[in-house]
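The values are calculated or read from the model by the stated rules, or taken from the named source; none is laboratory data. From a predicted model like this one, the values you see are computed outputs, not experimental measurements. Reconstructed Cβ throughout: ideal geometry from the backbone, glycine too, with neighbour counts over all protein chains shown.
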Amino acid sequence: MKALLAAGLPVLGVLAMPILFIGVDDASGGGLRHPDIPAVALQAYVDAAAAAAEVEPPCAISWSLLAAIGKVESDHGRHGSSQLDPAGRATPPIIGIPLDGTNNTAAIRDTDGGQLDGDPVWDRAVGPMQFIPSTWSRWGRDGDGDDRADPQDIHDVARSAAAYLCHSSLDLTDASEARAAVLSYNRSSAYVDEVLAIAATYLAEATHLTDTLFPGSGPIGCPVVAPVTFIDSWHFPRPGGRVHLGQDMFAAEGQPLVALADGTIEEVRSGAGLGGNIIWLRTDDGQAWYYAHLSAFARSAVPGREVERGEVIGFVGRTGNAVDTPPHLHIQWRPAGRHGTDTNPYPLLAAACPGH
C-alpha cells in the first residue's frame, strides 16, 4: 500500500491509486455513518477538527480532510493485519518500510534511536497517519486526554495531523489553502489530488446518507448533525443597537447541516452581507427557516429543489460577520413565512437536538 511505501509527510512521494472515501459519526451513534470507517476513527476526526477550532489561534479544518488523509495513509488504521482497538490504538502497531532511499522514499537516517519504529538505522513512518519520528517529536499531540502522545493512537494522530496542517494555514476550508497544507504534509501532487478528491467525495456522499439522522418524530429535526452546542441567545444585544433574532448553534467547521423538515430550498446565496453564505428553506407547511454563515453548500442546495427532512444541504462555517467567531450555524424562524415576523426557535431546537 502507498501509505506504507511512502508516508504522509513532507519528504516523501507516492503513486496514485483510486480510493473510495466514506463516513462520519458522533459519540452517541447518531448522524452520518458508513461501515467502511471504524466508529472510533470517525470520532477522532470529528474531535480533532472541533479541537482545532477552539485553540489559539483557531483553525478551520473539516473532519473530512483529516479522514481523507487517514484513508490514504492506512485505511483508517487497518493496514495489513492491524485494526483499531476500542480505545483507538492500532494493534498490532503500524510500522512502515525503512526510509532508505529505495521504493520511492527519501533517505532518512534514524532520528529517535528506534524508539518509535524499532529501527536504529533508518527512520520508518509509524501509525495510522504515518508520521516519521522526527516530525512526531515536534507535532505529536495528546488527543484523548491520557497525557501521552502515541503515534499509534487514532485520537492522537488525528489531533496531530490537524496541528500540522493548521501550521500552514488557519483556514483550510479555502480550497487553495487546503491544497497548500496537504502538499506540506506530503510533497506529491498526486497525493494532494487524491486526498482532496476523497475529502470532496466524502462530503458529497454524505448528502445521500441521511436515513439515521432523525430517530425522533418531533415537529422538526436538529438542523446540525451532532455534536452541537447552543444556549438560548434570543434577543442578546448585537453591535449597532441590534438584537439577536435567532440562535447560534456551534459545531465543528464542515459539520453537515440538514433540512430540519420536508420543504423547498427557496434561496441559496454566497456573500449575503452579515449572513455570508445563506440558505432560505420553506417547509411544506409554509414556515421559513434561515441558515447563515455556511462554509459550503451541498449538491442538494439548489433554489426550487424539494428536500426531505434530514437531507444534507450545507456545512457549518463562519462566513459573513462570523469570520472572527468559532464555526456555527445562525438560524432564524419565521412561522408565517419568509416575510413574516421572527420568532424564538430555541424551544423547538432544544427539543430537536438532545444533549446540546
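Quick check on my filter: what residues within region 150-180 are among the aliphatic types (A, V, I, L, M) and buried (at least 22 other Cβ atoms within 10 Å of the Cβ)?
Passing the criteria: I154, V157, A158, A161, A162, L165, L172, A178.
From G96, G127, G88, G143, grab the single residue that is closer than 23 Å to S188 by Cβ, touching a residue at least 60 places away in the same chain (Cβ under 8 Å) and surrounded by 13 or more Cβ atoms within 10 Å (Cβ to Cβ).
G96
Would you pick out the residues in region 251-264 that are surrounded by fewer than 24 Cβ atoms within 10 Å (Cβ to Cβ) and among the β-branched types (V, I, T)?
T264
Sort out for me the strands (runs of 3 or more DSSP E) sitting completely within region 231-300 that have 1 or more residues that are among the hydrophobic types (A, V, I, L, M, F, W, C), touching a residue at least 12 places away in the same chain (Cβ under 8 Å) and over 20 Å from A351 (Cβ atoms).
263-269, 278-283, 288-292
Would you mind telling me which numbered condition in (1) under 14 Å from the mean Cα position of the chain (by Cα); (2) modelled with pLDDT of 85 or more G246 fails?
(1)
Taking the criterion of being out of contact with any Lys or Arg (no Cβ under 6 Å at 6 or more places or on another chain), surrounded by 23 or more Cβ atoms within 10 Å (Cβ to Cβ) and either modelled with pLDDT under 95 or not assigned by TED's automatic domain parsing to the domain that holds A53 (or both), would at least one residue in region 278-288 satisfy it?
For region 278-288, residues out of contact with any Lys or Arg (no Cβ under 6 Å at 6 or more places or on another chain), surrounded by 23 or more Cβ atoms within 10 Å (Cβ to Cβ) and either modelled with pLDDT under 95 or not assigned by TED's automatic domain parsing to the domain that holds A53 (or both): present.
Quick test for you: out of T135, T105, pick the one residue that is touching a residue at least 60 places away in the same chain (Cβ under 8 Å), outside any loop (DSSP other than H, G, I, E, B), closer than 25 Å to A163 by Cα and not aliphatic (A, V, I, L, M).
T135
Against the conditions (1) in contact with a helix residue (DSSP H, G or I) (Cβ under 6 Å, 6 or more places away or on another chain); (2) free of Cβ contacts under 8 Å to residues at least 12 places away in the same chain, where does D324 fall short? Just the number, please.
The failed condition is (1).
How many residues does region 72-98 hold that are in a helix (DSSP H, G or I), within 17 Å of R124 (Cβ to Cβ) and out of contact with any Leu (no Cβ under 8 Å at 6 or more places or on another chain)?
Counting residues in region 72-98 that are in a helix (DSSP H, G or I), within 17 Å of R124 (Cβ to Cβ) and out of contact with any Leu (no Cβ under 8 Å at 6 or more places or on another chain) gives 1.
Looking at (1) among the β-branched types (V, I, T); (2) outside any loop (DSSP other than H, G, I, E, B); (3) modelled with pLDDT under 90, which is the one condition that is false for I69?
(3)
May I ask you to say which residue of T201, T207, T212 is of a type in the set (S, T, N, Q), under 14 Å from the mean Cα position of the chain (by Cα) and modelled with pLDDT under 90?
T201
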